[in-house]
Amino acid sequence: MAHSHDNHDTHDTLDVWSVEGRFQHLVYSPRGGVEGVLIDTDGVPTQFVFERHDEGAASAFAGLQVGQALVIEGTEEGPSPKGKAAHTVYRFERLASVDGETPRHAGAGERIDGTVVRLNYARHGEANGVVLDTGDFVHTRPDGFERLGLKIGDEVRAEGRAQPLATGEGRVIEAVRVNGRPVHDAEQT
């Protein structure tokens, strides 16, 4: 069963859906990575796809057994130019519950809030995110940075998978949403 809760702000009108179902299996990429998960929703297959380069998303599903009850949040994908889908497909946002319990996976949908104090740059010199006054690094990749138009002084609420920075001071978050807006365009998958 799917329930929508609007996630509107002045820039974005995407609906985030909470979908209840039973875990079936992980979905693999052609290169052997994990790119999503399939659940059974009242006898109907429902697929959630992870952001590209988000190797950690699959960790939210590590150790699950076929049939476990899940609630997963996501935004519904539009039609693909590659062909008609065999079932409903959502872009994965977060695993909300497993067998009625909030999952204990660190970083499986964390949130970081703060003010942009500087830009961060990829090895080739293009801006790929921002550093906040909290010391946290919000990684958006260059295309996401350009899409969001962030600048010094902006207030930021970033959602995604987080882990400690190598320095031990602050966290890095692989942002999937910033200020309620998706970091990456749906057509990039």
Roughly how many nanometres apart are two label points built 7 Å out from the Cα toward the Cβ at Y121 and I152?
1.4
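Once you have a ≥ b ≥ c as the square roots of the Cα gyration tensor eigenvalues for segment 110-188, tell me rounded if a/c is under 1.5, and otherwise prolate or oblate according to whether a/b is larger than b/c. Spell out each step's value before the answer.
Working: a/c = 1.37, a/b = 1.25, b/c = 1.10.
Note, shape of segment 110-188 comes out rounded.
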Exactly which GluC sites (Glu not before Pro) in segment 128-179 are in a DSSP loop and have at most 15 other Cβ atoms within 10 Å?
E169
Expressed in angstrom and rounded, the centroid-to-centroid distance over alpha carbons for segment 65-105 and segment 143-165 is 24
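Once you charge only the Cβ atoms, +1 for Lys and Arg and -1 for Asp and Glu, what is the size of the charge dipole of segment 110-188 about its Cα centre, to the nearest 20 debye?
Values: 11 positive and 14 negative charges, 11 e Å.
Here segment 110-188 has a charge dipole of around 60 debye.
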In nm, give the distance between the simple-model label positions of E76 and N179, each being 7 Å from the Cα along the Cα-to-Cβ direction.
2.8
Ordering of 114-121, 87-94 by packing [mean C-beta count within 10 Å, highest first]
87-94, 114-121
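Values quoted throughout were computed directly from the atomic coordinates according to the rules given, and no laboratory measurement underlies them. Values in this document were obtained by computation on a predicted structure and should not be read as measured data. No Cβ is skipped: glycine too gets one built from the backbone with ideal geometry, and neighbour counts run over all protein chains shown.
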